[in-house]
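Q: I am attaching a structure below and will ask some questions about it afterwards.
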Amino acid sequence: MPGRPLPVADDLSASFWAAAAEHRLVIARCFRCNELTHPPDLVCPHCHHTDPQFRFEPVSGSGTVCSWTVLHQSFLPGFDDDLPLLLVDVRLDEGDVRLIGRLLGGADAALRAGSRVTVTFEDLAPGVAIPAFALVPEA
Ligand SMILES: [Zn+2]
């Protein structure tokens, strides 16, 4: 059975994936407008500059769930053993930047809009890890 697909870093995302491999979450900040953006792209979504320059900076990995979906069917190889799996759309505490990732801990997690989560990492292969999220227990 094939394993899960691995991320393929390009020039824009190489720093993100290198940090993830070390279980660190970094997000790109545009030099021109100073806004965080993810994923970094050839056009900054904030200032619309077509030659944006980004620096990657560490973020807390803490955030709030905006929405989620439960996948019961896999459309990519390597996920069948993980079904059903829960994907969350998370707004990071550092600003208006969103990350979509898997919520670890089961598809029946007690989730609501506004649930607090923190980043964690799934090791997929030697030197390859991807960000995921874990629920922060409510006080
Ligand atoms: Zn910008």
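Nothing in this text is a laboratory measurement; each read-out follows from the coordinates by a stated rule. Fair warning: this is a prediction, and the values are worked out from it, not measured in the lab. Ideal geometry is used to build each Cβ from the backbone, glycine not excepted, and the neighbour counts take in all protein chains shown.
Q: Of all DSSP beta bridges located in the chain, what percent are antiparallel, nearest 5?
A: 95 percent
Q: Among S74, S115, S62, whose mean-square fluctuation peaks in a Gaussian network model of the chain (Cα, cutoff 10 Å)?
A: Looking only at S74, S115, S62, the biggest GNM fluctuation is shown by S74.
Q: Hey, another quick one. Using helices alone, I'd like the mean residue ellipticity at 222 nm for the chain: each DSSP H run of four-plus residues gives -39500 (n - 2.57), total over residue count, nearest 500.
A: Helix contribution divided over all residues of the chain: -1500 deg cm²/dmol.
Q: Under the Kirkwood approximation for Rh and a Cα-based Rg, what ratio Rg/Rh is obtained for the chain?
A: Radius of gyration relative to Kirkwood radius: 0.98.
Q: Using the Karplus curve 6.51 cos²θ - 1.76 cosθ + 1.60 with θ = phi - 60°, work out ³J(HN,Hα) for each residue of segment 112-122 in order, rounded to whole Hz, and write x for Gly and Pro.
A: 8, 4, x, 4, 8, 9, 9, 6, 9, 9, 9
Q: Loop by DSSP (not H, G, I, E, B), at most 13 other beta-carbon atoms within 10 Å: where is the longest site-free stretch of the chain for GluC sites (Glu not before Pro)?
A: For GluC sites (Glu not before Pro) (loop position, at most 13 other Cβ atoms within 10 Å), the longest site-free span of the chain is 23-137.
Q: Could you work out which residue, out of F79, F16, F121, moves most in a Gaussian network model of the chain, that is, has the largest mean-square fluctuation with Cα springs under 10 Å?
A: Sorting by GNM fluctuation, first place goes to F79.
Q: Please identify, among H23, H46, H38, the residue showing maximal mean-square fluctuation in a Gaussian network model of the chain using a 10 angstrom Cα cutoff.
A: Per the Cα network of the chain with a 10 Å cutoff, H46 tops the list.
Q: For E122, enumerate residues with amide H under 5 Å from its amide H, sequence gap 5+ or separate chain, H modeled in the peptide plane.
A: I130, A132
Q: Please sort by residue number the trypsin sites (Lys or Arg not before Pro) in segment 1-98 whose DSSP state is loop and whose Cβ has at most 15 other Cβ atoms within 10 Å.
A: R32
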